[in-house]
Amino acid sequence: MIIIQMMGGLGNQMFQYALYSQLKSMGKEVKMDDRAGFVADKQRDPELGVFGIDYIRATEDEIIKMRDASLKFTARVRRKLFGRKNHSYFEESRVFQSKIFGWDNIYLEGYWQSEKYFKDVGEQLRKEFSLERLKNNPDPNYRLSPKSESYLWKIEQTQSVSVHVRRGDYLLPQNQELFGNICTDYYYEQAMQAITKKYPNCIFYIFTNDLEWSYPWLKRRIAGKNKIIPVEVPRGRDHEALVLMSRCKHNILANSSFSWWASYLNDNPGKMVLAPEKWLNGWDCSDIYRPDMTKIKCES
């Protein structure tokens, strides 16, 4: 059996589920642990249910056995005498690791952010994470809000470009070392100019977790003469923003799994997908880039 830990926001959970789907397609017995990864992360919860997605959940006993985490007295004594028999692996690199497909009896912790981890199930995932699945979710609470429906109509009628600006937790001191100085003013300026050069009448739709700062900043400094529309979705409904971004004709990404997935789900055959040439500071993230992406410099 293979158990995959679910953690992080919606985009990260989609990558973890993608690996789960790939392993299942290979005939592996695979389950998800959608509890442990959220114990210390009170800001997030499992979110894949918004698309009506289900998966096999590992039981608590299965997780304890795999991680040798029993609190029974005899188990604690054994670990003290002979060490822990922990069958777990934390992703040690952001480069694609094909070796995991040959493993069994393992608990996998990581982000698995590469299309190479789900090369055989891409079409399945595009259907599962689609607008149609959202609209047909048995729970009406997950469907697009009327406000998002109005954005969707405009997005599908125009030469729309999603611009994802990630701030919020990216600005925290503990995260700046990893995420900082990547999606710079220069990056967004070059990316928006590149799309405008090919599509002069394009309209930029801004998706961000800090609209109060991002909209006037982009409008004043970067957008030029093109129309720029701030997109506001109801709080706590990130899936609506993801779907709206995926329906734009073109995508300008932040260094974020959220906008990565939006561009992946974009089915426009002539789409332009622009991404920062660096994804994370201090890591080799070369395998996160797809052939349909164009890298844009972060600094002049």
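The values are calculated or read from the model by the stated rules, or taken from the named source; none is laboratory data. Given the structure is predicted, the values throughout are model-derived calculations rather than measurements. Note that each Cβ is placed from the backbone with ideal geometry, even for glycine, and that neighbours are counted across all protein chains shown. What goes into the accessible areas is simple: the full protein's heavy atoms, side chains included, and nothing from ligands, DNA or RNA. Shrake-Rupley method; radii C 1.70, N 1.55, O 1.52, S 1.80 Å.
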Name the one entry in 197, 225 that is open to solvent by 40 Å² or more (accessible area, probe 1.4 Å) and modelled with pLDDT of 90 or more. 197
Which one of the conditions (1) under 26 Å from residue 147 (Cβ atoms); (2) in contact with a strand residue (DSSP E or B) (Cβ under 9 Å, 6 or more places away or on another chain); (3) open to solvent by 10 Å² or more (accessible area, probe 1.4 Å); (4) polar (S, T, N, Q) does residue 190 fail to meet, given that it meets all the rest? (1)
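Scanning for something more than 23 Å from residue 158 (Cβ to Cβ) and under 22 Å from the mean Cα position of the chain (by Cα), does the range 225-235 turn up at least one residue?
Yes, the range 225-235 contains a residue that is more than 23 Å from residue 158 (Cβ to Cβ) and under 22 Å from the mean Cα position of the chain (by Cα).
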Name the residue that is modelled with the highest pLDDT, counting only residues in the range 125-139 that are open to solvent by 80 Å² or more (accessible area, probe 1.4 Å) and not basic (Lys, Arg). 132
Looking at this structure, is residue 184 over 21 Å from residue 256 (Cβ atoms) and among the hydroxyl-bearing types (Ser, Thr, Tyr)? no
Being touching an Asp or Glu at 6+ places or on another chain (Cβ under 6 Å), modelled with pLDDT under 95 and within 15 Å of residue 5 (Cβ to Cβ) is the filter here, so list the residues in the range 84-113 that pass it. 86, 90
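Inspect all residues belonging to the range 49-58 and state whether any of them is in a helix (DSSP H, G or I), among the aromatic types (Phe, Trp, Tyr) and modelled with pLDDT of 85 or more.
Yes, the range 49-58 has at least one match.
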Scan of the range 256-279 for residues that are outside any strand (DSSP E or B), touching a helix residue (DSSP H, G or I) at 6+ places or on another chain (Cβ under 6 Å) and either closer than 21 Å to residue 18 by Cα or open to solvent by less than 10 Å² (accessible area, probe 1.4 Å) (or both), ordered by number: 257, 258, 261, 262, 265, 266, 279
For residue 65: the one exception among (1) out of contact with any helix residue (DSSP H, G or I) (no Cβ under 7 Å at 6 or more places or on another chain); (2) at positive phi: (2)
Please state which one of 187, 117, 151 is in contact with a Pro (Cβ under 8 Å, 6 or more places away or on another chain), part of a helix (DSSP H, G or I) and touching a residue at least 12 places away in the same chain (Cβ under 8 Å). 187
What number goes with the only condition from (1) open to solvent by less than 10 Å² (accessible area, probe 1.4 Å); (2) on the phi > 0 side of the Ramachandran plot that residue 243 does not pass? (2)
Quick one: in the range 165-194, of everything that is closer than 26 Å to residue 237 by Cβ and charged (D, E, K, R), which residue is modelled with the lowest pLDDT? 169
